[in-house]
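The block underneath contains the structure these notes are about, expressed in structure tokens.
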């Protein structure tokens, strides 16, 4: 970047600010509302809610059970501040992560059919039921 003109550096700073503002806007949108807005990041449906991790863990397990997702593995880290539930439903591998962040409790849902195939619509729908 040593050979970059002053205008080029200014343009790069502007792009960086726009990207940062865009990301902040997504986080603000996800944090708003009682249930939280759902965003898709890669193949992960995500939302941030203002409810405790413990409560969301219970809700997530109940919704997974109601959806016929058999929980095959679960883990807890950082004294319960981060939890993961993995399960199967038909040909779907479902993973639900719940973790405490500065913005609230962040939830993520991934629904994978194979190593190269995901069901993003199902992941969003399952997350919507969890945060409802």
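Laboratory data are not the source of any read-out in this text; all were calculated from the coordinates shown. Note that the coordinates shown come from a computational prediction; the quantities given were computed from them, not determined experimentally. Reconstructed Cβ throughout: ideal geometry from the backbone, glycine too, with neighbour counts over all protein chains shown.
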- request: Please give the peptides 81-88, 116-123 ranked by average Cβ packing (other Cβ atoms within 10 Å per residue), highest first, as a rough proxy for protection.
  value: 81-88, 116-123
Whole-number percent relative contact order across region 65-119, with pairs defined as alpha carbons under 8 Å at least 6 apart: 23
- request: Using only alpha carbon positions, build the gyration tensor of region 32-131, then give the equivalent ellipsoid semi-axes as the square roots of 5 times its eigenvalues, largest first, whole angstrom.
  value: 20, 15, 12
